[in-house]
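Trainee: Take this structure, written in structure tokens, and hold onto it; I'll ask about it next.
The values are calculated or read from the model by the stated rules, or taken from the named source; none is laboratory data. Everything numeric in this text was worked out from a predicted model, so none of it was measured. Methodologically, a virtual Cβ is constructed for each residue, glycine included, from the backbone with ideal geometry; neighbour enumeration extends over all protein chains shown. To get the accessible areas, we keep the full protein, side chains included, count just its heavy atoms, and leave off ligands, DNA and RNA. Shrake-Rupley method; radii C 1.70, N 1.55, O 1.52, S 1.80 Å.
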Amino acid sequence: MGDANTTISVRDLHKSFGTNDVLRGVDLDLDRGKSLVVIGGSGTGKSVLAKCILGLVRADQGSIEINGRDIARQTESDRRYMTGLSGMLFQGAALFDSLPVWENIAFRLIYSQRKSRSAAREKAADCLSQVGLAPEIGDLFPSELSGGMQKRVGLARAIAADPQILFFDEPTTGLDPIMADVINNLILERVKALGATAISITHDMASARKIADEIAMLYQGRIIWRGRPEEIENSNNPMVEQFVHGRAEGPIKMALRRR
Amino acid sequence: MNIFAGIGRTTMASLRETGQIANFARRGAFSWVSGPFYWRAFFNSLWRIGFASLPVVGLTAIFTGAALALNIYDGSLRFNAETFLPQILGVSIVRELGPVLAALMVAGRCSSAMAAEIGTMRVTEQIDAMSTLAVEPFKYLIAPRILATTLALPVLVLIADIIGVYGGYLVSVYALDFSGPIYVRNIAEFLENRDVISGLIKAAVFGFLIATMGCYYGYHSRGGAQGVGAATRTAVVAAAVVVLASNYFMTSLLVEF
Ligand SMILES: Nc1ncnc2c1ncn2[C@@H]1O[C@H](COP(=O)(O)OP(=O)(O)OP(=O)(O)O)[C@@H](O)[C@H]1O
Ligand SMILES: [Mg+2]
């Protein structure tokens, strides 16, 4: 169980939406400073899992320990504790559309850490350059950006305050291969240089191989396989093989209506 | 299908919702006490709710005052009391029509805008994102709006009172041959402080209720564009209804003091 080194320890996590049992007993441990990639089919609950750990969705059952503190009940102070040390890139970026890009990135600095607007602005320009965007972009509004640019701004916002625990929900989806690799390097740098703990969700196997210390596969509400990236080719798990090689035929059945 | 069970269920559901709204309002109004207070968001709301509502509130007031003067004149002529027109008009406006009409205009303008804005933020996960950035949505989104509306509405009503009385003045003097100075003096001598103050107290309560409805229904939006649309519609209707209902109860309390 959670030894001193474990940042995140999830036990028997359950979450249903009505009759839709999304998480059915997820167990997950992650050591400090490690990068875990969660893979799995669309709609298997990867985003829901991240939101449960972050305290945005209340789990029905199970425990979530962060640095030894159980936050699954989601009291006010649990939530404050968790948001104080984590950052999240949302799948849909979820940028504040009424604020310019730089203020999106600097939001936590200005409104939570109460830094001066000029200092926050400088930090925002710095973060923009880290995700490969020019400082002038800071004056645009999110609706004026392309999808991939929004994603990168979301990433810049997630890392701006140097959080200890990072969640990236599909960080490279919608990016060209070169920019995807820039983002992969950025995530690696965060984890290696700053010692952050990262949970990334992705369908992009190249990205998963690159950024993961370990890969875990979510299927039917549980983690069915976990291993190092180099092991994934020889996992001896039919579900994982089908997923990694992207085959329509196999044990995982897509709910398609055939004529 | 038991009709009584249906009625009971509906009653329970609306009681529960009332309780939730009351809880939401309390959280919204007091969340900033433990700090921080977001002045920027507050002044932004104050500007959009208070200042930008001036034109509609002014137009409503001037036409209502004008029409009211004609109606009072015509009605009071039947028992030769038309000289009391200024007094009746003044009391009607500052005690009742100024606060209620300004509140209804603000309800239409602002509770819908709040529900749409906050609702869009909800369904696009911007509210979740805000929580993950360690900023409490209640402090950043809800409290500034509730406080700004509560403070802005009395000022708007005071302006509406003056413009409404002026609308009555225009009709009385230019169409009904009243003497301007006498109209003004009659109103000034007749109105008491409590007439005006009771209207302003109502206005503050209306402001609080309007913002609460807009924020509550926006915050609890579900789904996509349709959910936000439904939230907006419900917010406006609920704001208008609570304004009119609370107006009756407050009036019955305030006439006694
Ligand atoms: N707020 C919600 N209310 C109801 N159901 C939800 C909600 N959020 C997610 N779900 C359901 O939970 C399931 C998992 O959703 P989730 O977004 O976690 O999928 P995912 O694994 O992230 O998929 P993708 O790879 O497509 O992003 C889906 O069936 C979805 O319908
Ligand atoms: Mg997802």
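Trainee: Students often forget the sequence filter, so: which aspartates and glutamates lie under 20 Å Cα-Cα from B:Lys139 once same-chain residues fewer than 8 apart are removed?
Mentor: Once the sequence-local aspartates and glutamates are set aside, what remains near B:Lys139 is A:Glu76, A:Asp78, A:Asp97, A:Glu103, B:Glu117, B:Glu125, B:Asp128.
Trainee: Out of the stretch B:169-257, which GluC sites (Glu not before Pro) are coil in DSSP terms and have no more than 15 other C-beta atoms within 10 Å? Don't jump to the answer; show the numbers that get you there.
Mentor: Values: sites: B:Glu189, B:Glu192, B:Glu256; in loops: B:Glu192, B:Glu256.
Counting only loop positions with at most 15 other Cβ atoms within 10 Å, the GluC sites (Glu not before Pro) in the stretch B:169-257 are B:Glu192, B:Glu256.
Trainee: So what does B:Lys139 come to for accessible area, using a 1.4 Å probe and Å² rounded to 10?
Mentor: Counting only protein heavy atoms, B:Lys139 exposes about 20 Å² to solvent.
Trainee: Test of understanding: what is the full-extension gain from B:Leu244 to B:Glu96, defined as 0.36 nm times their sequence separation minus their Cα-Cα distance? Intermediate values should be presented prior to the final figure.
Mentor: On the way: separation 148, 0.36 × 148 = 53.28 nm, distance 1.06 nm.
This chain segment gains 52.2 nm when fully extended.
Trainee: How well do other chains shield peptide B:200-213, expressed as the mean number of their Cβ atoms within 10 Å of each residue Cβ? Kindly include the intermediate steps, with their values, before the conclusion.
Mentor: Numbers: counts 0, 0, 0, 0, 0, 0, 0, 0, 0, 0, 0, 0, 0, 0.
That works out to 0 on average.
Trainee: Would you mind computing the Rg to Rh ratio of the stretch B:2-254 from its alpha-carbon coordinates, Kirkwood style for Rh?
Mentor: On the way: Rg = 21.0 Å, Rh = 19.6 Å.
Ratio value, two decimals: 1.07.
Trainee: Determine the sum of side-chain charges near A:Leu36: Lys and Arg each +1, Asp and Glu each -1, restricted to other residues whose C-beta is under 9 angstrom from that of A:Leu36. Mind showing how you got there, number by number?
Mentor: On the way: positive: A:Lys34, A:Arg226; negative: A:Asp213, A:Glu214.
For residues surrounding A:Leu36, the net value is 0.
Trainee: Next up: What is the mean number of Cβ atoms from other protein chains located within 10 Å of the Cβ atom of each residue in peptide A:112-118, rounded to a whole number? List each step's numbers first, then the result.
Mentor: Values: counts 7, 3, 2, 0, 0, 1, 0.
Partner Cβ neighbours, averaged per residue: 2.
Trainee: May I pose another question? State the antiparallel share, in %, of DSSP beta bridges confined to the protein assembly as shown, rounding to the nearest 5. Don't skip to the answer; put the middle values down first.
Mentor: On the way: 21 of 38 bridges.
Percent antiparallel among DSSP bridges in the protein assembly as shown is about 55.
Trainee: When all C-alpha to C-alpha distances in the stretch A:6-245 are sorted into bins of 10 Å, what percent of pairs does each bin hold, rounded to whole numbers?
Mentor: Reading upward from the zero bin: 8, 32, 36, 20, 4, 0.
Trainee: From other protein chains only, count the Cβ atoms within 10 Å of every residue's Cβ in A:78-88, then give the mean.
Mentor: On the way: counts 0, 4, 3, 0, 3, 7, 1, 1, 3, 3, 6.
The per-residue average across the peptide is 3.
Trainee: Follow-up question, since we're still on this one. With +1 on each Lys and Arg Cβ and -1 on each Asp and Glu Cβ, and nothing else charged, work out how big the dipole of chain B is about its Cα centre, in Debye to the nearest 20.
Mentor: On the way: 17 positive and 14 negative charges, 168 e Å.
For this selection, approximately 800 debye.
Trainee: Report A:Val182's accessible area, 1.4 Å probe, all protein chains in place, as a number in Å² to the nearest 10.
Mentor: Ignoring ligands and nucleic acids, A:Val182 comes out at about 60 Å².
Trainee: What percentages, rounded to whole numbers, describe P(r) for the stretch A:1-82 computed over all alpha carbon pairs with 10 Å bin width beginning at zero?
Mentor: Pair shares across the bins are 18, 52, 27, 3.
Trainee: On to the next question. Which value in deg cm²/dmol, rounded to the nearest 500, describes the helix-derived mean residue ellipticity at 222 nm for chain B, given -39,500 (n - 2.57) per DSSP H run of n ≥ 4 and division by the residue count? Walk me through the numbers on the way to the answer.
Mentor: Numbers: 11 runs with 198 residues, N = 257.
Dividing the helical sum by the residues of chain B leaves -26000 deg cm²/dmol.
Trainee: Give the interface area between chains B and A as buried accessible surface, both sides summed, probe 1.4 Å, in Å² to the nearest 100. Show your work: numbers first, answer last.
Mentor: Numbers: alone 13390 and 12530 Å², together 24070 Å².
Separately minus together, B and A give about 1800 Å² buried.
Trainee: What do you get for the angle between helix B:112-123 and the principal long axis of chain B? Use alpha-carbon atoms, 0 to 90 degrees, nearest ten.
Mentor: The helix B:112-123 is inclined about 0 degrees to chain B.
Trainee: Determine how many Å³ per residue the convex hull of the Cα atoms of the stretch A:111-166 encloses. Before the final figure, lay out the partial values.
Mentor: Working: hull volume 5.1 nm³, N = 56.
In the stretch A:111-166, the Cα convex hull volume per residue is 91 Å³.
Trainee: So what's the angle, to the nearest 10 degrees on a 0 to 90 scale, between helix B:39-49 and the longest Cα principal axis of chain B?
Mentor: 50
Trainee: For the stretch B:202-257, I need the span (max minus min coordinate) of the C-alpha atoms along each principal axis, in Å, sorted largest to smallest.
Mentor: 48, 14, 12
Trainee: Using per-residue counts of other Cβ atoms within 10 Å, averaged over each peptide, order B:78-84, A:102-108 from highest down.
Mentor: On the way: B:78-84: 11.1, A:102-108: 25.7.
Answer by packing, highest mean first, reads A:102-108, B:78-84.
Trainee: Here's a follow-up. Of A:Ile224, A:Tyr111, A:Thr19, which is farthest towards the positive pole of the stretch A:6-245's charge dipole, taken about the Cα centre with +1 and -1 on the beta-carbons of Lys, Arg and Asp, Glu respectively?
Mentor: Positive-end residue among those listed: A:Tyr111.
Trainee: Is the shape of the stretch A:88-200 best called rounded, prolate or oblate, per the rule: a/c under 1.5 gives rounded, else a/b larger than b/c gives prolate, else oblate, with a ≥ b ≥ c the square roots of the Cα gyration tensor eigenvalues?
Mentor: On the way: a/c = 1.62, a/b = 1.15, b/c = 1.41.
Here the stretch A:88-200 falls in the oblate category.
Trainee: Cα-Cα pairs above 15 Å in the stretch A:197-259: how many percent?
Mentor: Details: 1037 of 1953 pairs.
Pairs farther apart than 15 Å: 53 percent.
Trainee: Still on this structure, I have one more. Expressed as a rounded percentage, what relative contact order does the stretch B:33-159 have, with Cα pairs under 8 Å and six or more residues apart?
Mentor: Details: 80 pairs, mean separation 62.1, N = 127.
After rounding, I find 49 percent.
Trainee: Using a simple spin-label model with points 7 Å from Cα along the Cα→Cβ vector, what separation in nm is obtained for A:Leu140 and B:Gln226?
Mentor: About 3.3 nm separates the two model spin labels.
Trainee: How high is the FRET efficiency between B:Asn2 and A:Ser16 when r is their beta carbon distance and R₀ equals 35 Å, given to the nearest 0.05?
Mentor: Working: r = 30 Å, r/R0 = 0.86.
It comes to 0.70.
Trainee: Less than 17 Å from a label point 7 Å out along the Cα-to-Cβ axis of B:Val255: which backbone N atoms in the stretch B:96-114 qualify, by residue?
Mentor: Backbone N within reach: B:96-100.
Trainee: Let me ask something else about it. What dipole magnitude, in Debye to the nearest 20, does chain A give about its Cα centre under +1 on Lys/Arg Cβ and -1 on Asp/Glu Cβ?
Mentor: Details: 33 positive and 32 negative charges, 118 e Å.
Charge dipole, chain A, about its Cα centre: 560 debye, nearest 20.
Trainee: If you count only protein heavy atoms with a 1.4 Å probe, what accessible area per residue comes out for chain A, rounded to a whole Å²?
Mentor: Numbers: 11640 Å² over 259 residues.
Accessible surface, normalised per residue, equals 45 Å².
Trainee: Run the 1.4 Å probe and let me know the accessible area of B:Phe30, rounded to the nearest 10 Å².
Mentor: Around 130 Å² of this residue is reachable by solvent.
Trainee: Along the positive direction of the dipole of chain B (beta-carbon charges: Lys, Arg +1; Asp, Glu -1; about the Cα centre), which of B:Phe4, B:Phe79, B:Val171 reaches farthest?
Mentor: It is B:Phe4, whose Cα lies furthest towards the positive end.
Trainee: If you fit an axis through the alpha-carbon atoms of helix A:76-85 and take the longest principal axis of the Cα set of chain A, what angle between them do you get, 0 to 90°, nearest 10?
Mentor: Its long axis makes an angle of about 80 degrees.
Trainee: Moving on to the next point. At R0 = 60 Å, how high is the FRET efficiency between B:Thr11 and A:Asn234 if r is their beta carbon distance? Nearest 0.05 is fine.
Mentor: Numbers: r = 63 Å, r/R0 = 1.06.
E(calc), rounded to 0.05, equals 0.40.
Trainee: Which distance in nm do the two modelled labels at A:Arg69 and A:Leu188 give, with both placed 7 Å along the Cα-to-Cβ direction?
Mentor: 3.3
Trainee: Could you check how much of the accessible area of the stretch B:2-254 is carbon and sulfur, as a whole percent, using a 1.4 Å probe?
Mentor: On the way: 8220 of 11870 Å².
Reported share for carbon and sulfur atoms: 69 percent.
Trainee: Next question, about the same structure. Note down the nm distance, to one decimal, between modelled labels 7 Å out along Cα→Cβ at A:Asp181 and at B:Val56.
Mentor: 5.5
Trainee: Quick check: convex hull of the Cα atoms in the protein assembly as shown, volume per residue, rounded to a whole Å³? It would help to have the intermediate numbers written out before the result.
Mentor: Values: hull volume 114.3 nm³, N = 516.
Each residue corresponds to 221 Å³ of Cα convex hull volume.
Trainee: Apply 1/(1 + (r/R0)^6) to the Cβ-Cβ distance of B:Glu189 and B:Phe43, taking R0 = 35 Å, and write down the FRET efficiency to the nearest 0.05.
Mentor: FRET efficiency, B:Glu189 to B:Phe43: 0.35.
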